[in-house]
Amino acid sequence: MPAPYEILAGPLDLWFAPVDTAFPLIDAAPGAGWSKLGTNGKRNYSDDGLAVQHTQKIDTATPAGAIAPVKAWRTEEGLIISVTMWDMTLEQYTVALGGAEPTAVAAGAGTAGYKKIGLSRGPDVVTYAMLARGQSAYGDNFKAQYEVPVCFQNANPKPAFAKGKPSGLEMEFMALEHSAAATELERFGRLIMQHQAALP
């Protein structure tokens, strides 16, 4: 009897890149332009792991002669990928704020070197391409990946600094419609699961 591959457990790794960066093949490492979220990827995510939420709003119509809805319309939908990151390096903190890369100031005679980021975000919202990769439901050594062409960081991080507890940055990447999607069903991207090994 085959193993129940369809039962999945374990976190996914997240990568982000500029919008329109090519997604990697399912069995290839992310290439140029892709940066891992967290210095050590999923080893920097809280025990809650990574969540993928498919949201929707449904309106219904109940005619005067009926007591139950007879028709439904989906008027809104969304895709949200959320994670709490235990990585307070400025290179990662700036992703939570949708900001610029840290500026480094070199050490000098009698002065310490440091890095800095700004804490205000301004009116423009930074968008990313997002890749979430983990285990396929079709085999132990197969990969699966969510490919989100356009998203932005929508959470309001509130890192807490307390004794004995890791400080975390809440991240919530909300998908935006991709106008150049191949099909209507791929406006928020796609989920790919490997089900066969590559041929020799």
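Descriptive notes on the structure:
- One residue stands out among those in segment 4-26 that are surrounded by 12 or more Cβ atoms within 10 Å (Cβ to Cβ) and among the β-branched types (Val, Ile, Thr): the one that is farthest from Val95 (Cα to Cα), which is Ile26.
- Single condition Ser120 does not satisfy, out of (1) touching a His at 6+ places or on another chain (Cβ under 8 Å); (2) modelled with pLDDT under 95: (1)
- Some residue of segment 88-105 being under 24 Å from Asp13 (Cβ atoms), modelled with pLDDT of 95 or more, assigned to a loop (DSSP other than H, G, I, E, B) and in contact with a helix residue (DSSP H, G or I) (Cβ under 6 Å, 6 or more places away or on another chain): yes
- Residue in segment 152-160 that is crowded, with 18+ Cβ neighbours inside 10 Å, touching a Phe, Trp or Tyr at 6+ places or on another chain (Cβ under 9 Å), at pLDDT 95 or above and closer than 20 Å to Pro18 by Cβ present: yes
- Candidates Thr21, Thr55, Thr39 - the one that is out of contact with any strand residue (DSSP E or B) (no Cβ under 7 Å at 6 or more places or on another chain) and among the hydroxyl-bearing types (Ser, Thr, Tyr): Thr39
- Within segment 44-54, the residues that satisfy the criterion of being within 15 Å of the chain's Cα centre (by Cα) and surrounded by fewer than 17 Cβ atoms within 10 Å (Cβ to Cβ) are Ser46, Asp48, Gly49, Ala51, Val52, Gln53, His54.
The values are calculated or read from the model by the stated rules, or taken from the named source; none is laboratory data. Remember, predicted model here, so these are calculated numbers, not experimental data. All Cβ positions, glycine included, derive from the backbone under ideal geometry; neighbour counts span all protein chains shown.
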